[in-house]
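This report refers to the structure that appears directly beneath it.
The values are calculated or read from the model by the stated rules, or taken from the named source; none is laboratory data. Being a predicted model, the structure only gives us computed values, none of them experimental. Methodologically, a virtual Cβ is constructed for each residue, glycine included, from the backbone with ideal geometry; neighbour enumeration extends over all protein chains shown.
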Amino acid sequence: MKFTFVTLFSNLVKGYFQDSILKRAIDKDIFSVDYLNPRDFSNNKHFKVDDTAVGGGAGMVMNPQPLFTALDTLKKQEEDIHIIFMTPVAKPFSQNDAKRLAKKSHIAFVSGRYEGIDERVIEEYADEVFSIGDYILTGGELASLVICDAVSRNIDGVLGNSDSLSIESFETPLLEAPSFSKPKNYEGNCVPSEYLKGNHSKIRTLKIALSECKTKFFRPEQHLKHKITKR
């Protein structure tokens, strides 16, 4: 698997892969990461990549030429590349998307800046567009990292214990049950006693009950989906 970040600010992305699980996966050649700066493809003598919006409006828009040229270059290098644009004007990204995209061989994340990307670029090159929530960010880099992280941990070999994927939130309609570590008693706050008795059947039943409580409180729409699924 290969990830390419198409961004004006690669330094905002690079640091995320310098530590922890994802760094180990890169060191093991499970996946690789590279970067493409649209500014390097600008025909403008000052390497500009933005211009005023046609039709008026505040702010600048990333103009098509640098991105057209950059993405043409990517597609010539590898026809099978899957190009994803980050935009709040898109469907929400989900865990099912992460699992599906983990089977791709090469994903490019295109990060917008300013007031966004000229729509003609998205129409020409987007295989998919995603939003990570109903809010606005300064740029698409954070959203790209969120999706890359979610996708990469579903690639075989990235997690030390692949079984941990099966118990996470959104693998079912229920949110994941609360987790606890040692010590069993910390300043008077105790781990639920059932966790300590070694009866795995009862622990599993308790975890399901706690998952239902947490889901009902935080995500009632997911809890309703769970109730429908159980029927």
Residue tally, condition under 13 Å from the mean Cα position of the chain (by Cα) and of a type in the set (Val, Ile, Thr), over the range 111-135: 2
Selected residue [among the hydroxyl-bearing types (Ser, Thr, Tyr), modelled with pLDDT of 85 or more and in contact with a strand residue (DSSP E or B) (Cβ under 6 Å, 6 or more places away or on another chain)] from Tyr135, Tyr125: Tyr125
Close pairs from the range 208-231: first in a helix (DSSP H, G or I), partner β-branched (Val, Ile, Thr) and at pLDDT 85 or above, Cβ under 8 Å, at least 6 apart: Gln222/Thr215; His223/Thr215; His226/Thr215
Residue among Glu124, Glu176 that alone is touching a residue at least 12 places away in the same chain (Cβ under 8 Å) and in the same structural domain as Ser211 (by TED's automatic domain parsing): Glu176
Selection status of Pro88, touching a Lys or Arg at 6+ places or on another chain (Cβ under 9 Å) and either closer than 16 Å to Asp50 by Cβ or in the same structural domain as Phe130 (by TED's automatic domain parsing) (or both): no
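One line per residue, one yes/no per condition, for (1) surrounded by fewer than 18 Cβ atoms within 10 Å (Cβ to Cβ); (2) β-branched (Val, Ile, Thr):
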position: Val49; (1), (2): no, yes
position: Gly59; (1), (2): yes, no
position: Lys91; (1), (2): yes, no
position: Asp127; (1), (2): yes, no
position: Glu141; (1), (2): no, no
Cross-chain or 6+ apart pairs with Cβ under 7 Å, the range 63-77 first and farther than 22 Å from Ser105 by Cα and in the same structural domain as Arg113 (by TED's automatic domain parsing), then part of a loop (DSSP other than H, G, I, E, B) and not polar (S, T, N, Q): Asn63/Val49; Asn63/Asp118; Pro64/Asp118; Pro66/Val49
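For (1) part of a helix (DSSP H, G or I); (2) under 30 Å from Ile155 (Cα atoms); (3) out of contact with any helix residue (DSSP H, G or I) (no Cβ under 6 Å at 6 or more places or on another chain), each residue gets a yes or a no:
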{"site": "Pro66", "(1), (2), (3)": "yes, no, no"}
{"site": "Thr87", "(1), (2), (3)": "no, yes, yes"}
{"site": "Asp97", "(1), (2), (3)": "yes, yes, yes"}
{"site": "Gly112", "(1), (2), (3)": "no, yes, yes"}
{"site": "Ile122", "(1), (2), (3)": "yes, yes, yes"}
Counted residues, the range 70-89 - those being surrounded by 15 or more Cβ atoms within 10 Å (Cβ to Cβ) and more than 22 Å from the chain's Cα centre (by Cα): 1
